[in-house]
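Novice: One structure is given below, represented as structure tokens, and several questions about it will come after.
The values are calculated or read from the model by the stated rules, or taken from the named source; none is laboratory data. Remember, predicted model here, so these are calculated numbers, not experimental data. Don't worry about glycine lacking a Cβ; one is built from the backbone with ideal geometry, like all the others, and counts go over all protein chains shown. Only protein heavy atoms, including side chains, enter the accessible area calculation; ligands, DNA and RNA are left aside. Shrake-Rupley method; radii C 1.70, N 1.55, O 1.52, S 1.80 Å.
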Amino acid sequence: ASAVSRRPLPSASAPAIRRGESAISNRTGCDAVTISQDTMGQTLTCNATSEGGTSTRSVTIKRDATAPEASAAATSMPNANGWYGSNVTVKFSGTDATSGVSSCSGNVTVAAEGSDQSSATGICTDKAGNVSAPVKASGIKIDKTAPTVTGVRSPAANGAGWNNTPVTVVFSATD
């Protein structure tokens with residue numbers, strides 16, 4: 001069985017490691033490192049040298065602890081007055097500067113008529129597993145019902161459907 005012994009090296013603060021063979025004579029980049037900032041890829045490398053040669057090991061760390069930003073928007077445009085004449089599909093999308101967006105909630109439909117409506121909420125998740133704050137589209141105005149228009153003439157037409165005097169027609173529209 002090999003014994004593990006540790007002795008300080010004059011040129012390094014970390015102890016030498018002995019595994020029944022020659023001692024580690026040189027180590028660079030082998031100290032513990034904590035990555036606490038988001039990074040798209042930081043490579044850490046440890047080199048260790050003994051009488052038997054040099055070994056190198058590299059580890060690449062990708063860290064993203066920041067949630068993505070999500071947004072919700074209708075997939076079509078309203079008319080010039082800001083109203084939709086049919087159901088409104090709302091799509092969720094997101095951005096993430098570090099790991100990128102993995103997925104967002106599926107599209108939702110706002111179908112009820114009315115003004116100042118909101119969609120259901122949705123989220124986005126990035127490739128590191130962070131989840132955005134819920135978002136929704138709001139201020140949606142839907143009117144799928146055409147207005148009712150009526151017209152009244154005065155005087156009424158004769159039995160054959162004709163007038164022989166001036167006729168006034170008054171229209172009204174309701175929605």
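Novice: Can you tell me which of (1) surrounded by fewer than 16 Cβ atoms within 10 Å (Cβ to Cβ); (2) within 12 Å of the chain's Cα centre (by Cα); (3) closer than 22 Å to residue 35 by Cα is the one residue 61 doesn't meet?
Specialist: Of everything listed in (1) surrounded by fewer than 16 Cβ atoms within 10 Å (Cβ to Cβ); (2) within 12 Å of the chain's Cα centre (by Cα); (3) closer than 22 Å to residue 35 by Cα, residue 61 misses just condition (2).
Novice: Give the range 27-54 a look and list any residue that's farther than 20 Å from residue 99 by Cβ, open to solvent by 80 Å² or more (accessible area, probe 1.4 Å) and of a type in the set (Ser, Thr, Tyr), or say none.
Specialist: Listed by number, the list holds a single entry, 54.
Novice: Let me ask you something else. Residue 63 versus (1) within 30 Å of residue 142 (Cβ to Cβ); (2) among the charged types (D, E, K, R); (3) modelled with pLDDT of 95 or more: which is the lone unmet condition?
Specialist: (1)
Novice: With respect to residue 115, determine if the residue is under 30 Å from residue 38 (Cβ atoms), in a strand (DSSP E or B) and either open to solvent by 50 Å² or more (accessible area, probe 1.4 Å) or at pLDDT 95 or above (or both).
Specialist: Details: under 30 Å from residue 38 (Cβ atoms): no; in a strand (DSSP E or B): yes; either open to solvent by 50 Å² or more (accessible area, probe 1.4 Å) or at pLDDT 95 or above (or both): yes.
In short, no.
Novice: Can you name the residue in the range 127-149 that is open to solvent by 70 Å² or more (accessible area, probe 1.4 Å) and part of a strand (DSSP E or B) and is also farthest from residue 115 (Cα to Cα) among such residues?
Specialist: Per the stated criteria, the residue is 131.
Novice: Please identify the pairs in which a residue from the range 92-121 that is closer than 22 Å to residue 67 by Cβ and in contact (Cβ under 8 Å) with a residue 60 or more places away in the chain has its Cβ atom under 8 Å from the Cβ atom of a residue that is open to solvent by 60 Å² or more (accessible area, probe 1.4 Å) and hydroxyl-bearing (Ser, Thr, Tyr), counting only partners at least 6 apart or on another chain.
Specialist: Within 8 Å, the pairs are 98/66.
Novice: Is it the case, given these coordinates, that residue 98 is modelled with pLDDT of 95 or more, surrounded by 10 or more Cβ atoms within 10 Å (Cβ to Cβ), within 38 Å of the chain's Cα centre (by Cα) and outside any strand (DSSP E or B)?
Specialist: yes
Novice: Does any residue of the range 64-76 turn out to be farther than 25 Å from residue 120 by Cα and surrounded by fewer than 15 Cβ atoms within 10 Å (Cβ to Cβ)?
Specialist: Yes, because at least one residue in the range 64-76 is farther than 25 Å from residue 120 by Cα and surrounded by fewer than 15 Cβ atoms within 10 Å (Cβ to Cβ).
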